[in-house]
Amino acid sequence: MQSGGVRVCRFEQPRPFHPRRLQAVLEAALGRDCWGRIVRSAGFAKLASRPYVTAHWDQAGTLLTLAPLTADPLPGDGAELLALGQDLAFIGIDLDEAGLCAALESAVLTDAELLDGPMAWLQYVDEFPAWDSARRG
C-alpha cells in the first residue's frame, strides 16, 4: 500500500530469525535507513535462540522492543501456537519493500540451520536483552 511517500510493507516468514543476522539488518534498517525511513513496525517475531517464546515486535523511530508474549506450548501439549515465525508490518517513508523483505529473509535460519534444531539454536550468540519471563520451568 502507498500514499504519497508513505508506504506499508508486510513480512511473513515461518522460520525464526537468527539473532546475529537480525541485529545486522536492524542496524542497517533503523540506523542507516537502508530501505527507506521506517517510522513504525509491529507484529510477532521468533528468535531461534529463544525457540519456545513468541515475542511482540514494537518499533517506533530507532527504538525497537522485543518483549515475550508467551511461552509457546511444547510439541504434543495440544495447545495452539500464538504465532509461527514472523508476522510483521512496517510503515515508513519511501520504503523499498523488496529490499527490506530480502534483508529480513537473509536474517532467518537457513535450511541447514533449521535442520540443526532448537538445541543448536540455543547456542547462537544473542545480544538482545534477556527475557527472564521466557525461561521454561
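Observations on the structure shown:
- Neighbours of GLU113 by Cβ distance under 12 Å: Lys/Arg scored +1, Asp/Glu scored -1, total +1.
- Residue-span extension gain [PHE128 to ASP33] - 0.36 nm each, minus C-alpha spacing: 32.2 nm
- FRET efficiency estimate (nearest 0.05) - Cβ-Cβ, ASP94 to LEU69, R0 41 angstrom: 0.85
- Using θ = phi - 60° and Karplus 6.51 cos²θ - 1.76 cosθ + 1.60, couplings along segment 105-119 (whole Hz; Gly, Pro as x): 4, 5, 8, 7, 5, 6, 4, 5, 5, 4, 5, 4, x, x, 5
- Length gained when the stretch ALA42-GLU105 is fully extended (0.36 nm per residue, less Cα-Cα span): 21.0 nm
- In this label model, ALA24 and MET119 are separated by 2.8 nm, measuring between points 7 Å along each Cα→Cβ vector.
Each reported figure results from applying straightforward, stated rules to the coordinates on display, with no laboratory input. If you're wondering where the values come from, they're calculated on a predicted model, not measured in any experiment. FYI the Cβ positions are ideal-geometry reconstructions off the backbone, even for glycines, and counts take in every protein chain you see.
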